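These notes concern the structure reproduced below.
Bear in mind that the values in this text are calculations on the coordinates, not laboratory data. Everything numeric in this text was worked out from a predicted model, so none of it was measured. Glycine also receives a Cβ, built like all others from the backbone with ideal geometry; neighbour counts cover every protein chain displayed.
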Ligand code: CA
């Protein structure tokens, strides 16, 4: 999920990520970002700190409360204080514009790998041929897969 109000950067990010095989959801209505995150259930959020009329730091805190997806800040600010604030508010990584595309992609892969490792280990329960995934909200049996959207849980890395 991309939250970036500069349409040129946003569209560039979409192209880059789609070329890498990611399915991308791009926010264009910035009034309901948290609701869209809850609906889309993204694996990762790329979040611009300098959003028009909004504080990216406050938004990150709200997103962390709403969904379990890791957050990478993509921003043109580059002070150490901003970086510290971003990470202490629950950002998982921080990259400044203009970014190097290979570095951005490597960071995305690293954050996704960490978050998937953690959630796969913590969220899946298996017994008597039934596998329950709390974060995916799915129940697997020999007969097939059930989706249990109301059951999605949030997990945090420890
Ligand atoms: Ca911006």
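Is the range 2-115 rounded, prolate or oblate when judged by the Cα gyration tensor, a ≥ b ≥ c being the square roots of its eigenvalues, rounded requiring a/c under 1.5 and prolate requiring a/b larger than b/c?
rounded
Label-point separation (nm) for residue 30 and residue 146, each offset 7 Å from Cα along Cα-to-Cβ?
It is 4.3 nm.
Please work out the Cα center distance from the range 40-116 to the range 3-20, rounded to the nearest Å.
The distance from the Cα centre of the range 40-116 to that of the range 3-20 comes to 14 Å.
Would you mind getting me the FRET efficiency between residue 5 and residue 114? Use the beta-carbon distance for r and R0 = 35 Å, nearest 0.05.
That pair, residue 5 with residue 114, gives E of 0.80.
Normalised by the residues of the range 1-46, what does the relative contact order come to in percent, with Cα pairs under 8 Å and at least six apart?
After rounding, I find 52 percent.
Compute the distance in nm between two label points, each set 7 Å from the Cα along the Cα-to-Cβ direction, one at residue 20 and one at residue 76.
The modelled label-to-label distance comes out at 2.3 nm.
Quote the relative contact order of the range 2-115 in percent (integer), defining contacts as alpha-carbon pairs under 8 Å separated by 6+ residues.
Averaging sequence separation for qualifying contacts and normalising by length gives 22 percent for the range 2-115.
May I ask you to order 13-25, 37-49 by the average number of other C-beta atoms within 10 Å around their residues, highest value first?
Descending mean neighbour count gives 37-49, 13-25.
Just grab the label-to-label distance for residue 61 and residue 40, each label 7 Å out from Cα along the Cβ direction, in nm (one decimal).
2.3 nm
Which of the peptides 55-64, 107-116 is most tightly packed, and how do the rest follow, going by the mean number of other Cβ atoms within 10 Å of each residue?
By packing density, highest mean first, the sequence is 55-64, 107-116.
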